[in-house]
1. Considering amide H positions built from the backbone, and no H for Pro or chain starts, which residues 5 or more places from PHE195, or on another chain, come under 5 Å of its amide H?
2. How do SER238, SER252, SER199 rank when sorted from fewest to most other Cβ atoms within 10 Å of their own Cβ?
3. Counting alpha carbon pairs within less than 8 Å and at least 6 residues apart, what relative contact order, in whole percent, applies to the stretch 90-240?
4. Take the alpha carbon atoms of the stretch 106-151, find their center, do the same for the stretch 249-290, and report the distance between the two centers in whole angstrom.
5. As a quick test, which of the pairs LYS202/LYS289; LYS243/LYS289; LYS202/LYS247; LYS28/LYS153 have an alpha carbon distance above 26 angstrom in this structure?
6. With angles folded into 0 to 90 degrees, how steeply does helix 230-240 sit against the dominant principal axis of the chain? Use alpha carbons for both and round to 10.
7. Just the C-alpha atoms of the stretch 13-288: what Rg/Rh do they give, with Rh taken as the Kirkwood radius?
8. Which whole-number percent is the relative contact order of the stretch 163-293 (Cα, under 8 Å, 6+ apart)?
Amino acid sequence: MQYYGLLLMQPDQEVINRWSGSAPFWEKHREIIRQMFAPVSQALIADGQVDSWHTVLDVATGPGEPALSIAASAGAEGKVFGVDVIPEMVAAARREADHLGLRNAQFDVAFADHLPFPADTFDAVVSRFGVMFFPSPGDAVREMLRVLKPGRKLAMAVWHFADRNPFHYALARVIDRYVESPPVAPVAPEAPDAFRFASPGKLREVFMEAGAMAPTERLLEFTIHAPVSAEEFWALRSEMSEKLRDKIARLSREQLATVESQALEALSEYSTGSGISFPAEVLIVSGTKSRPA
Ligand SMILES: C[S@@+](CC[C@H](N)C(=O)[O-])C[C@H]1O[C@@H](n2cnc3c(N)ncnc32)[C@H](O)[C@@H]1O
């Protein structure tokens, strides 16, 4: 089952490279990432109408979120499956499930648009920050609806606009002063990118076209709180993001020292007594699988 679909699909190689390279860092920083995005997981649990006895699927789970959090609070009958296209991410999720002793969580390698489950299997399907990287979001939403039980909910979280999210821009702006970006064409609206579904209504439209019943969208305004020092946050953020890792690798040693000190200065605006806190905005889109007529 592990490589189900891999031979049938043509992966977007750039997306695969990006996430394979990120897997060790997402695993290394998993606990802080879990805490930073816990409000998003809670919103998905609420809008996906996840209950403790449900069988839940988490698509593009990365190193296991929100699947592991859902499994940790599930009751005796509750089960969670997580899938991701990157084997290193799936291995990281399995290690953490073992470490936490969670026997009700299972992780497998699969493409979002080719899920290795029979139709009408899950009580809820969720996906946090995944759909923006899928080669064909419409096919993926259709596939997720296929494995969902009729009358149940699919819920996804995507970033709202970049300029509403200092988590993304605060450090990038500092680094961009020192790294010459090659003159590139603007990102095509359909290219895999963290902000591909930032425009309100865009993902809801995909849900509608894929056949979800009464899809809804809401803006989740929350605080990303990382209970770490500015120095630790700089290390975390510059490792977590493939774009930042790439740019930092192009800096000279002197430039890096300057960037780091300016980055810490930029972070002072977001420092609190207990860590680093950013105002954040995410869209939560959900829809119901229709019942057979
Ligand atoms: C931003 S990470 C999100 C990880 C996790 N859900 C979280 O919120 O912490 C995006 C994930 O999408 C996965 N991904 C990208 N394209 C995919 C696809 N076509 N099918 C399944 N997973 C995919 C990547 O491997 C990566 O782990």
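Each reported figure results from applying straightforward, stated rules to the coordinates on display, with no laboratory input. Everything numeric in this text was worked out from a predicted model, so none of it was measured. Quick reminder, even Gly has a Cβ in these numbers, built from the backbone with ideal geometry, and neighbours come from all protein chains shown.
1. Correct list: empty.
2. On the way: SER238 20, SER252 9, SER199 14.
Least crowded to most crowded, the residues run SER252, SER199, SER238.
3. Numbers: 142 pairs, mean separation 32.3, N = 151.
Normalised by residue count, the contact order of the stretch 90-240 is 21 percent.
4. Each part's Cα centre sits 30 Å from the other's.
5. On the way: LYS202/LYS289 19 Å; LYS243/LYS289 36 Å; LYS202/LYS247 30 Å; LYS28/LYS153 32 Å.
As for pairs spanning more than 26 Å Cα to Cα, those are LYS243/LYS289; LYS202/LYS247; LYS28/LYS153.
6. Compared with the principal axis, the helix lies near 50 degrees.
7. Working: Rg = 18.6 Å, Rh = 19.2 Å.
A ratio of 0.97.
8. Details: 142 pairs, mean separation 59.5, N = 131.
Reported relative contact order: 45 percent.
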